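Peer 1: What follows is a single structure, and I will ask about it in a moment.
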Amino acid sequence: MCRGNICRSPTAQYLFQSRTKLRGIEVTSAGLNAVVGSAMDAMSLQLLNEKDGVDGSSHRAIQLVPSMLLGADLVIGMEREHIDEMMEVAPEARGKIYLLDKWLDGRDVPDPFRKKRPVFEHAHEMIERGVDSWMRYL
């Protein structure tokens, strides 16, 4: 989960999907202020394909709604601020909302939107490490 659901959270979604595809785990992403119906940001899409061989071209941004938080077994956000906002939206989901970087340094993944490629690359690397750190818990 991120802000617009076009850069960070879809990158995490497709990485989680590629790493869990044989486990039957359903993975989705959404945004707190989603650009509903928008495709994944071109640079995020390019890096996902270049670095991981994953095609995210089918992604379309969706808006986070409380029922998604309540129905999920695990919710992962990119920033502490996102975690706080999700807990405000659905306080009952508090025990299943975590930061992507929880098992590493506990850092926020910076939003690369409208920035240059090196910022996207840094965010992508943080997302890859974050996703990999969660794999033993799924």
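The values are calculated or read from the model by the stated rules, or taken from the named source; none is laboratory data. Predicted, not measured: the structure shown is a model, and the values here were computed from it. Cβ placement follows ideal geometry from the backbone for every residue including glycine, while neighbour counts extend to all protein chains displayed. All accessible areas refer to the heavy atoms of the entire protein, side chains included, with ligands and DNA or RNA removed. Shrake-Rupley method; radii C 1.70, N 1.55, O 1.52, S 1.80 Å.
Peer 1: What pairs come out if I take residues in the stretch 104-119 that are over 12 Å from Cys7 (Cα atoms) and pair them with residues that are modelled with pLDDT of 95 or more and open to solvent by 90 Å² or more (accessible area, probe 1.4 Å) whose C-beta lies under 9 Å away, six or more apart or interchain?
Peer 2: Listed pairs, sorted by first residue: Leu104/Arg129; Gly106/Arg80; Asp108/Arg80; Asp108/Glu81.
Peer 1: So which residues in the stretch 4-16 are closer than 14 Å to Leu74 by Cβ and not small (Gly, Ala, Ser)?
Peer 2: The answer is Gln13, Phe16.
Peer 1: Return the pairs, sorted by first residue and then second, in which the second residue is among the charged types (D, E, K, R), the first residue lies in the stretch 62-89 and is open to solvent by 70 Å² or more (accessible area, probe 1.4 Å), the beta carbons are less than 8 Å apart, and the residues are 6+ apart or on different chains.
Peer 2: Going by the 8 Å Cβ cut-off, the qualifying pairs are Leu70/Glu92; Asp73/Lys96; Arg80/Asp108; Glu81/Asp108.
Peer 1: Any residue at all in the stretch 27-35 that's more than 14 Å from the chain's Cα centre (by Cα) and either surrounded by 14 or more Cβ atoms within 10 Å (Cβ to Cβ) or at pLDDT 95 or above (or both)?
Peer 2: So far as the stretch 27-35 goes, yes, one or more of its residues are more than 14 Å from the chain's Cα centre (by Cα) and either surrounded by 14 or more Cβ atoms within 10 Å (Cβ to Cβ) or at pLDDT 95 or above (or both).
Peer 1: For the list (1) touching a helix residue (DSSP H, G or I) at 6+ places or on another chain (Cβ under 7 Å); (2) aliphatic (A, V, I, L, M); (3) in a loop (DSSP other than H, G, I, E, B), I need the number of the one condition that Leu15 fails.
Peer 2: (3)
Peer 1: Another question, then. Give the residues of the stretch 27-60 that are without any contact (Cβ under 8 Å) to a residue 60 or more places away in the chain and of a type in the set (D, E, K, R), sorted by residue number.
Peer 2: Residues satisfying the conditions are Glu50, Asp55, Arg60.
Peer 1: Against the conditions (1) under 23 Å from Arg107 (Cα atoms); (2) within 14 Å of the chain's Cα centre (by Cα), where does Lys51 fall short? Just the number, please.
Peer 2: Lys51 satisfies all of (1) under 23 Å from Arg107 (Cα atoms); (2) within 14 Å of the chain's Cα centre (by Cα) except (2).
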